[in-house]
Amino acid sequence: MLEERITMAHGSGGESTARLIAELFAPCFHNEYLDKMTDSSVVPGSGRLAVTTDSFVVTPVEYPGGNIGRLAVCGTVNDLLMSGAEPRYLTAGFILQEGLPVEVLRRVVSSMAETAREAGVSIVTGDTKVIEGKKGGEGTDQEPGLMINTAGIGFVPDGVVPEPDRIRAGDKILVSGTLGEHHATILARRMGLDNESLASDNAPLGEMVRALRDAGIRVHAMRDITRGGLATVLHEFAISSGRTLIIQESLVPVKQAVRDFCGILGLEPVYMGNEGKIAIVTAPEDAERAVRAIRAARYGQDAAIIGEAADTAEGRKPALICRTPVGGERVLGPLYGEGLPRIC
């Protein structure tokens, strides 16, 4: 039977490690590849591959709407989806801090397994390490935590992969839903604010992306909105394409709870991160159909068209322009400095 808290012995590679794997990880992540318990897995597949890796260090590890396990699957799967791939396999490396309650780890691993099933991916191999806990005087009021490193593999179908350099004048800019929930939720929890109206939007976006593909939408660029928020993503699109992107502030969807939270702290929703939203640029003729396809998919009910691309005027540099409700314009650059707190 497992101990109540993680100890250094769980990272020794011996009996305690084997028991942790057998009693906690193996039942949750059970599949024909992982069950072999080898140092690597041989999996079927051919054609073009998309490969990504990510590390997740969010604090707290559990928050309204999710936890670090769900986040790790969503973040990795969504990165693969944005490259036009169909995600298939994940790896998972766990770095556990000594003293971490086993029940916290069990909830995280169970959530990770459930999210992997939802996303249609298999966690095929992994690793566990234990590091020393904090000593007296080193933030001992904070519960020991964990970090997760992932790698993801997906298969890219034949055809054109969405890339920002395909953006043309007249293309429409869409978002798949409201902005800022994940960032606001993590920040509120870090500040000790108990706001029941805030919950993370962390979600796998495969159903949404497949809906666009099945509807024959000509997607010219696509990126999940994470660190740096919508403004940073669209600024990068503008620079990569050489176009000027223009969004209407009044059309950008933001939940009232997030808007109120940002107003109190002097934050801008367009720089707040999500973990379950996409910025999409489509051919103009496809934009309305794209919105309908996204709204019919899980997690896409608040999708909206928020702007369009234009040729950059001679002598000007590509930029992201935000038109305000009173008729003014302002240039939105990328996020500068560190977007505290860490949201993934």
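Just so you know, all these numbers are worked out from the coordinates, no wet-lab data involved. Since the model is a prediction, treat every value here as computed from it, not as a measurement. All Cβ positions, glycine included, derive from the backbone under ideal geometry; neighbour counts span all protein chains shown.
Of these, GLY133, GLY177, GLY120, which one is touching an Asp or Glu at 6+ places or on another chain (Cβ under 9 Å) and over 29 Å from ALA304 (Cβ atoms)? Walk me through it before giving the result.
Working: GLY177 fails: over 29 Å from ALA304 (Cβ atoms); GLY120 fails: over 29 Å from ALA304 (Cβ atoms).
So the residue among GLY133, GLY177, GLY120 that is touching an Asp or Glu at 6+ places or on another chain (Cβ under 9 Å) and over 29 Å from ALA304 (Cβ atoms) is GLY133.
Residue by residue through region 284-322, note down the ones that are farther than 30 Å from GLU118 by Cβ and either in contact with a His (Cβ under 7 Å, 6 or more places away or on another chain) or among the aliphatic types (A, V, I, L, M) (or both). Full working, then the answer.
Narrowing region 284-322 to residues farther than 30 Å from GLU118 by Cβ: 284-285, 307-322.
Hits for region 284-322 are ALA309, ALA310, ALA313, ALA319, LEU320, ILE321.
With the condition kept exactly as written, say whether any residue in region 95-114 is in contact with a Lys or Arg (Cβ under 8 Å, 6 or more places away or on another chain), assigned to a strand (DSSP E or B) and either closer than 18 Å to ALA151 by Cβ or among the aliphatic types (A, V, I, L, M) (or both).
yes
Considering only residues that are part of a loop (DSSP other than H, G, I, E, B), touching a helix residue (DSSP H, G or I) at 6+ places or on another chain (Cβ under 7 Å) and either without any contact (Cβ under 8 Å) to a residue 12 or more places away in the chain or buried (at least 22 other Cβ atoms within 10 Å of the Cβ) (or both), which ones fall in region 179-216?
Narrowing region 179-216 to residues part of a loop (DSSP other than H, G, I, E, B): 179-180, 191-205, 215-216.
Now restrict to residues that are touching a helix residue (DSSP H, G or I) at 6+ places or on another chain (Cβ under 7 Å): 179-180, 195, 197-205, 215.
Within region 179-216, LEU179, GLY180, LEU198, SER200, ASP201, ASN202, ALA203, PRO204, LEU205 qualify.
Return the only residue of VAL156, VAL102 being among the aliphatic types (A, V, I, L, M), surrounded by fewer than 17 Cβ atoms within 10 Å (Cβ to Cβ) and over 16 Å from the mean Cα position of the chain (by Cα). Break it down into steps so the answer makes sense when it comes.
Details: VAL102 fails: surrounded by fewer than 17 Cβ atoms within 10 Å (Cβ to Cβ).
Exactly one residue qualifies, and that residue is VAL156.
Here's a check for you: in region 111-133, which residue that is within 24 Å of ARG5 (Cα to Cα) and crowded, with 16+ Cβ neighbours inside 10 Å is nearest to the chain's Cα centre (by Cα)?
Checked region 111-133; the qualifying residue nearest to the chain's Cα centre (by Cα) is MET112.
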